[in-house]
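Beneath this line is the structure, given in C-alpha cells, with notes to follow.
The values are calculated or read from the model by the stated rules, or taken from the named source; none is laboratory data. In this text the structure is predicted, and so the values were computed from the model without any measurement. For neighbour counting, all protein chains shown are included, and Cβ atoms are generated from backbone atoms with ideal geometry for every residue, glycine included.
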Amino acid sequence: MKRLLTFIFFSMLSVISAHAEEYQAQIGDQIAIMLPGEVTLNQEFQIDRQGRLTLPEVGMIEAAGMTETELSAAVQETLGSVIRDLSSLQVFVSKRQLLVTIQGYVAEPGEFTLKDNASIQMALYAAGGLRPGAQLDRFQLRRGEEILIFDYKKFLDSGDDSLLPDLKSLDTMFIPASPMTGNVEQSFDPSQLADSGDAAEDRKAIKVFGEVISPGSFSAKEENNLVDLLMRAGGVTRFAAVEQIRVISQSKPRIFNLKQYLDSGDENLLPNIVEGSTIFVPKQEEEIKTGSNTVYVMGEVAKPGAYEGKEGATFIDILANAGGPTRFAESRQIRIIKANGNTVPFDLTLFSEGKLTGPLPLVQPGDAIFVPEKLDMNEKSWLKVSPDRAVRVLGEVVRPSRVEWSSEMSLLDLLAHVGGPTSRADTSKIEVVTPVSPTKSEVFVFNLDTFIRDGLSDSELPPVNAGSTIRVHDLPDDPTENKAKWVRQSSDTSIYVFGQVGAPGRYKFTEEMHFLDILSAADGPTASADIHNIRITHLDGKVARVSRLNLALFFETGDATILPEVNIGDTIYIPEKNGNWLDRPKEETIRVLGAVSRPGRYDFDDHMTILDLLAEAGGPSSNAYIEKITVVNMSCCRDQARTFDLSEFSRTARFQDLPVLRVGDTVYVPTQEESTAEKIRQGITDIFQLVGIAALIGVL
C-alpha cells in the first residue's frame, strides 16, 4: 500500500511538472489573435526568422521564446497604445511549425514552413523531391555554426528513422550533387533531341529549338518557309516570344516578328531559310515587348506587363486584363503616364463607389498605367507621399505626421486618421493653413468644442486641401511653474488675473467659462484679499469700461446675477485688505467728519450701518453733538442731507431709524458749540455784554 501511494505521488508530481513547463513559441509558429470588432487583427500571424510578429498599425513584437501567457501580455501592452478596450483579447499558438531552408540538388530549393513534428522526408517532399544525381550519403544539416552529415541512403535501405536527425526551426538542409554528374547540367536529354525531326544525321539540316512543341533537326526543302518549319516542330508553346524569334541563315543573324507577319500577311517579312539555318524561339520573359500598339501596366497589379492596346479597349479593360489591383494597391492614386510625358490621375475607389463624374481616362498605345503601393503605417520612408498630395498635421495629436490627401476627406477625417487630439490639446483653437493660390495661403481658426457641442454640419468645417497644414495647440501649463511655455499662448484667447489670488497670471479662456472658472483657475482669493472691492476691466474692442464686484455679497445671497460677465482680454484685479485709503477713489469710501476720534475716509460694506462706521472712526468725541448727526447721501438720494439722533436711538434701539448709507456718502458729527441751545446761550451772553458796555459808556 505504501509503495502504491508513493507511485501515485511521484506520478502527480510529473504531471504537475509537465504542465509547469508551458510551451514556448518558436520561429515559424502561427499565432492566432482574436479581438472582436477588429478585422485586421482577427487572423493568424507567423513568427518570422527574427523571432518577431508584425501586427497591423502597431508594428513588430518580439515573440520567439515566450509562453502563451507572456505573448498575450506583450500583445496587449503593444495594442493598448491604439485600442482602449482589450478585455476580449485572446492570443494563443494556433499551429506549431518549423521554418526550414532546403538547398542544393532538389527540385524546388527554398525556405519552407513545416509542421512541428516534420521529418527529413517531409522536408524533401516540400522541396519537390530529390533531383537525379543527388549524393544520398552526404546530406548536410546546418544548425547555426554546427554541421551534421548523415547518410540518407542508409535510411532508404533500412527504413530506420533513428538514422535521420530531428528538424528544428532555422535549420538548413543541403543536398550535394554526386561527383559522377560532372560540372555541366543540362535541362534536356541530348539523345532525345538528336532523335527528333527527320534529319538528325544531316549536317545540312535546319535546326529548330526553344519554345516549340517538338524541337529537332529538319530537312531543308525549297518550298518550306519559316512558318512551315515551325509547324513541322509542332508549333510554338504558350510561353514563346513570337516577336523575338532568332534566325541565323547564311551566317547572318536576324530577328523575325511572327506576330507582325500574322497581323499583316506580308510574305516579304519572312526571312530566307537555307540549308544549315538555325531557328531559336525564346521564352516570353526573355524579350521586352515594344510596339506601336503596346500599353504598359506596372505596379501593384496581379500581372504587370506590356499588353496590346486593341482598338476600343478602355482603361478598365486593360486593368482587368492585367489581373486588376492587388490588395496592396493604392487604388486612389493610380496614374496614367502618357506617351508625351504628361500624367493623368485616376481614383478607382471613387469610380467603384459611383461617385466619380466624367468619363474614364483615355488610354492610348504607348501609355503606361502605374498602380502604386499602399502606404504602410510602419514605413519609415514617409517621403513616398509627395508634397502636392499630402497634408501636414502638427502639434498635440496622437500621431503627428504627413497624411496622404483625398478629396473625400475633411478636417475631422484627418484628425481621426492621426489618432485624434491628445489630452493636452487645445481643441478650441485649431489652426488650418490652406493654400488658395500658388503664392498665397489662408489661415482658418476652428473651434472643435463648439462644433461638437452645437452639432454643426460638415459645411462649417474649414477647407482642407493637399498642401494644407493643421496645427493643434497645447494647453498652457501652470504659469507659476513654467512661464516659458504659457507665454506662447495667444493673447486673443486669454484673460488676466492680478492682485490677491493664489496664482496671478494669464489664463486660457473659452466661451463656456465664466467669472468663477477664472477665479478658481487662479487658485482663488488669498486670505488678505478684499473681496468686497473686486474690479474688472472690460475690453470689448472699442471702449474700455470698469465694473466692480462685491464677491462677499454673492456668497451671502447666492445671487448669480451679481457676478459680472467676463470675456477674452478682460482683466480681473483683487485688491488687498486694509490698503492705503488714498488708493481708493471717493466713490468707494464714506467720509466721516466732525467730532469723532479719527475723522477720515473709510471702506464701507453693504452689511455695515452708521453705527459700524462711527465705531471705525473711534466713536464721537466728548464734545460731539450726537442729537444732530448729519448724513449727506451721494448715491440713492443725491444732494440730500438727513439728520440722525444717536442719543434717541440709544434709548429706543429702533434699527429702522438708522439712515441708509452707501459708498460715496458723508457723515458729519457736529460739536456742542454748533447746537441751537448753545447758539441761543451764546447770543444772550453777547446781548448782556453789549448792554453792560453801553451802560458803562453812558456812565462815562
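So, in segment 638-666, of the ones that are free of Cβ contacts under 8 Å to residues at least 24 places away in the same chain and of a type in the set (A, V, I, L, M), which residue ends up nearest to S622 (Cα to Cα)?
Going through the qualifying residues, I end up with A653.
Being at pLDDT below 85 and in a strand (DSSP E or B) narrows it down to one residue among A306, A313; which is it?
Only one candidate qualifies: A306.
Condition check ((1) modelled with pLDDT of 90 or more; (2) on the phi < 0 side of the Ramachandran plot; (3) in contact with a helix residue (DSSP H, G or I) (Cβ under 7 Å, 6 or more places away or on another chain)) across all residues:
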residue: Y125; (1), (2), (3): yes, yes, no
residue: G128; (1), (2), (3): yes, no, no
residue: E146; (1), (2), (3): yes, yes, no
residue: I149; (1), (2), (3): yes, yes, yes
residue: D157; (1), (2), (3): no, yes, no
residue: F174; (1), (2), (3): yes, yes, no
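Quick check: is even one residue across segment 385-406 touching a helix residue (DSSP H, G or I) at 6+ places or on another chain (Cβ under 8 Å), of a type in the set (S, T, N, Q), modelled with pLDDT under 85 and over 30 Å from K508 (Cα atoms)?
Yes, segment 385-406 contains a residue that is touching a helix residue (DSSP H, G or I) at 6+ places or on another chain (Cβ under 8 Å), of a type in the set (S, T, N, Q), modelled with pLDDT under 85 and over 30 Å from K508 (Cα atoms).
Return the total of residues in segment 127-149 being buried (at least 17 other Cβ atoms within 10 Å of the Cβ), within 50 Å of the chain's Cα centre (by Cα) and over 14 Å from P109 (Cβ atoms).
1
Yes or no, residue by residue, for (1) among the small types (G, A, S); (2) modelled with pLDDT under 90:
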{"residue": "G216", "(1), (2)": "yes, yes"}
{"residue": "R238", "(1), (2)": "no, yes"}
{"residue": "Q250", "(1), (2)": "no, yes"}
{"residue": "F256", "(1), (2)": "no, no"}
{"residue": "V274", "(1), (2)": "no, yes"}
{"residue": "K289", "(1), (2)": "no, yes"}
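Taking the criterion of being surrounded by fewer than 13 Cβ atoms within 10 Å (Cβ to Cβ) and more than 30 Å from D530 (Cα to Cα), would at least one residue in segment 622-638 satisfy it?
Yes, that holds for at least one residue.
Looking at (1) at pLDDT 85 or above; (2) closer than 19 Å to G569 by Cβ; (3) touching a Lys or Arg at 6+ places or on another chain (Cβ under 6 Å), which one does P476 not meet, given that it meets all the others?
(1)
Enumerate the pairs (first residue in segment 109-123 and without any contact (Cβ under 8 Å) to a residue 24 or more places away in the chain; second residue anywhere and among the hydroxyl-bearing types (S, T, Y) and surrounded by fewer than 18 Cβ atoms within 10 Å (Cβ to Cβ)) with beta-carbon separation below 6 Å, excluding pairs fewer than 6 apart on the same chain, so at least 6 apart or on different chains.
Going by the 6 Å Cβ cut-off, the qualifying pairs are E111/T101.
What number of residues within segment 446-463 satisfy the criterion of being out of contact with any strand residue (DSSP E or B) (no Cβ under 6 Å at 6 or more places or on another chain) and at negative phi?
So the answer is 11.
Return the total of residues in segment 49-83 being out of contact with any Gly (no Cβ under 9 Å at 6 or more places or on another chain), more than 16 Å from I27 (Cβ to Cβ) and β-branched (V, I, T).
4
Determine which single condition K429 fails, assuming it passes every other condition in (1) surrounded by fewer than 18 Cβ atoms within 10 Å (Cβ to Cβ); (2) under 22 Å from the mean Cα position of the chain (by Cα); (3) at pLDDT below 85.
Going through (1) surrounded by fewer than 18 Cβ atoms within 10 Å (Cβ to Cβ); (2) under 22 Å from the mean Cα position of the chain (by Cα); (3) at pLDDT below 85 one by one, K429 breaks only (1).
Name the single residue that is farthest from D570 (Cα to Cα) among those in segment 495-512 being touching a residue at least 40 places away in the same chain (Cβ under 8 Å) and in a loop (DSSP other than H, G, I, E, B).
Filtering segment 495-512 for residues that are touching a residue at least 40 places away in the same chain (Cβ under 8 Å) and in a loop (DSSP other than H, G, I, E, B), the one farthest from D570 (Cα to Cα) comes out as Q500.
For segment 354-370, which residues satisfy the criterion of being part of a loop (DSSP other than H, G, I, E, B), in contact (Cβ under 8 Å) with a residue 40 or more places away in the chain and either of a type in the set (A, V, I, L, M) or in contact with a helix residue (DSSP H, G or I) (Cβ under 8 Å, 6 or more places away or on another chain) (or both)?
Within segment 354-370, L360, P361, L362, V363 meet the criteria.
It is to be established whether one or more residues within segment 81-93 are touching a strand residue (DSSP E or B) at 6+ places or on another chain (Cβ under 9 Å), touching a residue at least 60 places away in the same chain (Cβ under 8 Å) and surrounded by fewer than 16 Cβ atoms within 10 Å (Cβ to Cβ).
The answer is yes, given that some residue of segment 81-93 is touching a strand residue (DSSP E or B) at 6+ places or on another chain (Cβ under 9 Å), touching a residue at least 60 places away in the same chain (Cβ under 8 Å) and surrounded by fewer than 16 Cβ atoms within 10 Å (Cβ to Cβ).
Mind checking which helices (runs of 4 or more DSSP H) fall wholly inside segment 63-181 and carry at least 2 residues that are outside the structural domain of S423 (by TED's automatic domain parsing) and more than 25 Å from L53 (Cα to Cα)?
120-126, 152-158
S650 passes all but one of (1) outside any strand (DSSP E or B); (2) modelled with pLDDT under 85; (3) surrounded by 11 or more Cβ atoms within 10 Å (Cβ to Cβ); (4) out of contact with any helix residue (DSSP H, G or I) (no Cβ under 7 Å at 6 or more places or on another chain); which number fails?
(3)
Quick one: would you say G182 is modelled with pLDDT of 85 or more and more than 30 Å from G235 (Cβ to Cβ)?
no
Examine segment 254-269 for a residue that is in contact with a Pro (Cβ under 9 Å, 6 or more places away or on another chain) and in contact (Cβ under 8 Å) with a residue 12 or more places away in the chain, and state whether such a residue exists.
Yes - at least one qualifying residue is present in segment 254-269.
Identify, please: which residue in segment 387-409 is hydroxyl-bearing (S, T, Y) and surrounded by 14 or more Cβ atoms within 10 Å (Cβ to Cβ) and is, among those, farthest from R84 (Cα to Cα)?
It comes out as S406.
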